[in-house]
Amino acid sequence: HNLHVYFKQNSEFDRFDQSKHTLNWITDNKLLGSTEFWLLSKLQELVVEVTESFDQCRFHEAAKAMDAFVINHLSQTYVPMTRNIIWDDSPENLDRRLAVYSVIGHVLMQLNIMLHPLSPFITEYLYVTCFNRKESILLESWPKREEKLINPKVELAFDRIKDIVSLANAARNLASLKRRWPIKEVIICGQDLKSLDVEGISDVLKNQLNADQYRLVETAAGSQLEKVANLLNNKMPIYVSVSLVRKNIAPKVKADIDKVAQAFERVDKLELVRTLQRSDGHLLTYNNGKTIKLSPSDVEIAYKASDGYSSYERDGLIVFVSSIRDKGLIAKGLLRDLARQLQQLRKER
């Protein structure tokens, strides 16, 4: 409904000829971006899921799938990603705007047809007022899966972007940075980041992160020791803390446990981490010449983002966001806040 109202209020969309600006027109003019490939690919999955659910009389599952698609993919992901394109009313950007309108129009049309069995009167009204290609929506064909629009590579990249942006937003919250405030840098550490090597994805990711730049750092899976060592080797902005697991050491040194702990405090912790990663233990000297070999299980290793950064980790993916903002970034953030307040006033009036 909100999308319908928005486009009805948009004078440029009123002049938009949907019969002319079809998906074929977009494809022929090579106007499909990565965001369009992703949304159309997700739509093909939805068509299959809804059709199968209706065939099996599982109407609630069909409704749930369409609800999730509209909210998660169309409204909360695609529209925000293309908002700047729609707002840019420069003549040289006209074809790109029309391509976005075409894709949204096509997707809404397919959704309207699939929703018709569940809500016949509203979908008929929307069809007549918004699309009006035929006398009634009942004369339209049921949507079918189009193989040429399926792009698993782009879907995988966007799924990865969602995970990254979610962690970046969590890191922003820890640093009290609003999402609309631009930041200088984001560092993304994890496995299989090559899935982001898709044409056009870089701009999408930078836009979603709202950052001047970002870096991808490939790290291998492993223990906490290996993870922290990897971060150190890649010069990530972290502080490392290493503590002795006294319950593991005490049975070996008995009454000397306090002296071992004192000797441990004098050890270079970063070098200790690297030594434990390279070998199976670190030889610790204590009490005037006595030694004990520390294994990885004898120490507890943790890390936190260093000053000027905030970080968040989940499922092997770590995101660092820079928390220091210069005058330029602060000014951009104030402009975003002002724009948001003006938008709110426009809605209220």
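Bridgeable lysines around K42 (alpha carbons under 30 Å apart, same-chain partners fewer than 8 residues away excluded): K8, K20, K30, K64, K134, K144, K148, K153, K162, K178, K194, K206.
Carbon and sulfur atoms: what percent of the 1.4 Å accessible area of the chain do they account for? Present the calculation step by step, with values, prior to reporting the outcome.
On the way: 10040 of 19940 Å².
In the chain, the share of accessible area belonging to carbon and sulfur is 50 percent.
Of L345, L284, P182, which is farthest along the charge dipole of the chain in the positive direction, counting Lys and Arg as +1 and Asp and Glu as -1 at C-beta? Highest projection toward the positive end goes to L284. Extension gain for R340-K134 works out to 70.2 nm (0.36 nm per residue, less the C-alpha to C-alpha distance).
Calculated translational diffusion coefficient of the stretch 190-315 (20 °C, 1.002 mPa s; Stokes-Einstein with Kirkwood radius over alpha-carbon pairs) equals 126 µm²/s. Judged by the mean number of other Cβ atoms found within 10 Å, the most tightly packed of the peptides 270-283, 187-200, 136-149 leads the ranking 187-200, 270-283, 136-149. The label-point distance for L232 and E61, in a model that sets each label 7 Å from Cα toward Cβ, rounds to 5.1 nm.
So with the 1.4 Å probe, I'd like the accessible area per residue for the stretch 166-216, rounded to whole Å².
Numbers: 2530 Å² over 51 residues.
Here the per-residue accessible area is 50 Å².
Stretched out fully, how many nm does the piece from D315 to T51 gain, at 0.36 nm a residue minus the Cα gap? Value of the extension gain: 91.7 nm. Rg over Rh of the chain, using C-alpha atoms and the Kirkwood radius, what does it come to? Reported Rg/Rh (Cα atoms, Kirkwood Rh): 1.13. For the chain, a Gaussian network of Cα nodes joined below 10 Å ranks K184, K206, K254 by mean-square fluctuation, and the top entry is K254. Expressed as a fraction of 2.2 N^0.38 Å, the C-alpha radius of gyration for the stretch 118-219 is 1.60. When Rg and the Kirkwood radius Rh are both evaluated on Cα atoms of the stretch 146-202, their ratio Rg/Rh stands at 1.07. Mean residue ellipticity, 222 nm, helices only, the chain: the sum of -39500 (n - 2.57) across DSSP H runs of n ≥ 4, divided by residue count and rounded to 500, is -16000 deg cm²/dmol.
If the chain linking Q213 and R83 were pulled fully straight, counting 0.36 nm for each residue of separation and taking away their Cα-Cα distance, it would gain 44.8 nm. Put simply, the Cα atoms of the stretch 290-349 extend 77, 27, 13 Å along their principal axes, the longest span coming first. With every protein chain in place and a 1.4 angstrom probe, the accessible-area ranking of K332, K304, largest first, reads K304, K332.
What FRET efficiency would be calculated for the residue pair Q191, N72, taking the C-beta separation as r and a Förster radius of 30 Å, to the nearest 0.05? Taking R0 as 30 Å, the efficiency between Q191 and N72 is 0.75.
Can you give the local net charge around L294? Use residues other than it whose beta-carbon is closer than 15 angstrom to its beta-carbon, Lys and Arg +1, Asp and Glu -1. Working shown, then result.
On the way: positive: R246, K247, K252, K259, R266, K269, R274, R278, K290, K293; negative: D256, E265, D268, E271, D280, D298, E300.
With Lys, Arg at +1 and Asp, Glu at -1, the neighbours total +3.
Positive contributions from Lys and Arg (+1) and negative ones from Asp and Glu (-1), summed over other residues with Cβ under 14 Å from the Cβ of R266, come out at -2. Averaged over all directions, how much area does the convex hull of the C-alpha atoms of the stretch 53-207 cover when projected, in nm²? Spelled out: convex hull of the Cα atoms, projected over all directions, averaged, 12.8 nm².
Of all DSSP-defined beta bridges confined to the chain, some 75% are antiparallel rather than parallel. Bridging of K184 to aspartates and glutamates at a Cα separation below 14 Å is possible for D212, D326, once same-chain residues fewer than 8 apart are set aside.
The values are calculated or read from the model by the stated rules, or taken from the named source; none is laboratory data. On a predicted model such as this, the values are computed, not experimentally measured, just so you know. Every residue, glycine as well, gets a Cβ built from its backbone with ideal geometry; the counts of neighbours run over all protein chains shown. Only protein heavy atoms, including side chains, enter the accessible area calculation; ligands, DNA and RNA are left aside. Shrake-Rupley method; radii C 1.70, N 1.55, O 1.52, S 1.80 Å.
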